[in-house]
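Below: one structure, written as structure tokens.
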Amino acid sequence: MLGQQLRAWEVLNDRVLRVLHETPREQFVPATYRDLAFADAEIPLGHEQTMLAPKIEGRLLQALQVEPIDDVLVVGTGSGYLTACMARLAKHVTSVDIIAEFVDAARTKLADHDIRNATLLAADGLALTHEARFDAIAVTASVPELDQHFIRMLRPQGRLFIVVGRKPVMEAQLITLQPSGSMTTEGLFETVLAPLRNSERPEPFVL
């Protein structure tokens, strides 16, 4: 996986490669698909949701440049694998998913791997209030248009990874909030991800 997918996709950061190598991805994959844990493909998780392909996870982690002092938000816990990787890079991770079953299963897996610096919540990522602030935010599903919702939860110089657009054209973007309050946008690569659920009228959820 590391040689054929990550490096080929320009994932070259040593900390990211080490974390992906040391976090046993196959233990986060549903048992039915364990043989495909390192395949260059999304893996079904149930509830019409999938686990990101390894190369997307690698590019996401590399783009966000997470440091040991950072507080991170993951929107879309899914299998818990990305949250586990992020927790090995950051000071603390808050990970939310609208599907409570995913949150419960991921919480158990993280405890099994002695990952204690992650808080998992069953919540709609589009319904989070803006009281909390994060140094980095990873959104593991797509949004049709970029708005200010997640940007409002960034600290100055905070980074947001998000996929924006509609099929068949979507772009992974890195948004950085500047100290002045302006933001810069870097287009990373084209991909297609399932849309984030319930974007129409989410109810507030306070972190």
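Conditions (1) open to solvent by less than 10 Å² (accessible area, probe 1.4 Å); (2) in contact with a strand residue (DSSP E or B) (Cβ under 8 Å, 6 or more places away or on another chain); (3) over 23 Å from I137 (Cα atoms); (4) of a type in the set (K, R), marked per residue:
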| position | (1), (2), (3), (4) |
| --- | --- |
| E10 | no, no, no, no |
| V16 | yes, no, no, no |
| A37 | yes, yes, yes, no |
| K55 | no, no, no, yes |
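Whether a residue is out of contact with any Leu (no Cβ under 6 Å at 6 or more places or on another chain) and closer than 28 Å to P156 by Cβ was assessed, and V11 passes this test. Candidates in the stretch 116-155 are the residues that are over 16 Å from the mean Cα position of the chain (by Cα) and among the small types (G, A, S); of these, the one that is farthest from A194 (Cα to Cα) is A132. Candidates in the stretch 107-149 are the residues that are among the acidic types (D, E) and farther than 20 Å from M51 by Cα; of these, the one that is least open to solvent (accessible area, probe 1.4 Å) is D135.
For the stretch 150-173, which residues satisfy the criterion of being open to solvent by less than 20 Å² (accessible area, probe 1.4 Å) and at negative phi? Before the answer, list the steps.
First, the residues of the stretch 150-173 that are open to solvent by less than 20 Å² (accessible area, probe 1.4 Å): 150-151, 153-154, 158, 160-163, 165, 170, 172.
Passing the criteria: F150, I151, M153, L154, G158, L160, F161, I162, V163, M170, A172.
Across the stretch 39-53, which residue is farthest from A84 (Cα to Cα) among those that are among the aliphatic types (A, V, I, L, M), assigned to a strand (DSSP E or B) and in contact with a Gly (Cβ under 8 Å, 6 or more places away or on another chain)? Within the stretch 39-53, the match that is farthest from A84 (Cα to Cα) is L45. Sub-6 Å Cβ pairs linking a first residue in the stretch 128-147 that is free of Cβ contacts under 8 Å to residues at least 60 places away in the same chain to a second residue that is open to solvent by 60 Å² or more (accessible area, probe 1.4 Å), at least 6 apart or interchain, are H130/R152; S142/P195; P144/R166, ordered by first then second residue.
When the residues of the stretch 184-207 are filtered to those that are modelled with pLDDT under 95 and assigned to a strand (DSSP E or B), the one that is most open to solvent (accessible area, probe 1.4 Å) is P195. Residue-level check: of (1) in a strand (DSSP E or B); (2) of a type in the set (S, T, Y); (3) over 22 Å from P30 (Cβ atoms), S180 misses just (1).
Scanning the stretch 57-86 for residues that are open to solvent by 10 Å² or more (accessible area, probe 1.4 Å) and in a helix (DSSP H, G or I) returns R59, Q62, A63, L82.
When T50 is tested against (1) modelled with pLDDT of 90 or more; (2) surrounded by fewer than 17 Cβ atoms within 10 Å (Cβ to Cβ), exactly one condition is not met: (2).
Tell me, which residue of the stretch 87-106 that is in a helix (DSSP H, G or I) and open to solvent by 40 Å² or more (accessible area, probe 1.4 Å) is nearest to A31 (Cα to Cα)?
Of all residues in the stretch 87-106, those in a helix (DSSP H, G or I) come to 87-89, 100-106.
Checking which are open to solvent by 40 Å² or more (accessible area, probe 1.4 Å) leaves us with 88, 100-101, 104-105.
Values: R88: 24, A100: 19, E101: 16, D104: 17, A105: 13 Å.
Among them, the one singled out is A105.
The values are calculated or read from the model by the stated rules, or taken from the named source; none is laboratory data. The model shown is predicted, which means the values in this text are computed figures rather than measured ones. Every residue, glycine as well, gets a Cβ built from its backbone with ideal geometry; the counts of neighbours run over all protein chains shown. Just so you know, the surface numbers come from the protein's heavy atoms only, side chains and all, with ligands and any DNA or RNA stripped out. Shrake-Rupley method; radii C 1.70, N 1.55, O 1.52, S 1.80 Å.
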